[in-house]
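> Take this structure first; my questions come after.
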Amino acid sequence: MTTKKDTFPHDAEQARLDLELTRQELGETAEALVGKVRETAHTTQRIALGTGAGIGILALVFVIVRRLTARR
């Protein structure tokens, strides 16, 4: 059987302290998640830029080869 004194928080001060600690932990977690999202977005952007550059180079090589073969 649980009595009122066995439950947490025992008083208003403990409740305020628990609330403040929870807010701090949530803030730290949110900051960590933002960091992960930024890192993922940065990586995705680099991959997209690299892929776009690669496709552009391939298209340019294709056009050059096509023009060179058309001259013959």
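The values are calculated or read from the model by the stated rules, or taken from the named source; none is laboratory data. The shown structure was predicted, so the numbers you read here are calculated from the model rather than taken from an experiment. Here the Cβ positions follow ideal geometry from the backbone for every residue, glycine too, while neighbour counts run over all protein chains shown. We work out accessible area using only protein heavy atoms, side chains counted, and drop any ligands, DNA or RNA first. Shrake-Rupley method; radii C 1.70, N 1.55, O 1.52, S 1.80 Å.
> Taking the stated definitions as given, is ALA15 at pLDDT below 95, in a helix (DSSP H, G or I), hydrophobic (A, V, I, L, M, F, W, C) and surrounded by 10 or more Cβ atoms within 10 Å (Cβ to Cβ)? Give the steps one after another, and end with the answer.
Details: at pLDDT below 95: yes; in a helix (DSSP H, G or I): yes; hydrophobic (A, V, I, L, M, F, W, C): yes; surrounded by 10 or more Cβ atoms within 10 Å (Cβ to Cβ): yes.
Yes; evaluated as a whole, the condition is true for this residue.
> Report, by residue number, each residue of the range 18-36 that is open to solvent by 100 Å² or more (accessible area, probe 1.4 Å) and of a type in the set (A, V, I, L, M, F, W, C). Before you say what the answer is, go through the steps one by one.
Looking only at the range 18-36, we keep the residues that are open to solvent by 100 Å² or more (accessible area, probe 1.4 Å), and these are 23, 25-26, 28, 31, 33, 36.
Answer for the range 18-36, where residues must be open to solvent by 100 Å² or more (accessible area, probe 1.4 Å) and of a type in the set (A, V, I, L, M, F, W, C): LEU26, LEU33.
> Somewhere in the range 41-51, is a residue among the aliphatic types (A, V, I, L, M), part of a helix (DSSP H, G or I), open to solvent by 80 Å² or more (accessible area, probe 1.4 Å) and closer than 30 Å to PRO9 by Cβ? Spell out the reasoning first.
Going through the range 41-51, the residues among the aliphatic types (A, V, I, L, M) turn out to be 41, 47-49.
With part of a helix (DSSP H, G or I) added as a condition, the list becomes 41, 47-49.
Subset that is open to solvent by 80 Å² or more (accessible area, probe 1.4 Å): 47, 49.
Of the ones still in play, those that are also closer than 30 Å to PRO9 by Cβ are none.
The answer is no, given that none of the residues of the range 41-51 is among the aliphatic types (A, V, I, L, M), part of a helix (DSSP H, G or I), open to solvent by 80 Å² or more (accessible area, probe 1.4 Å) and closer than 30 Å to PRO9 by Cβ.
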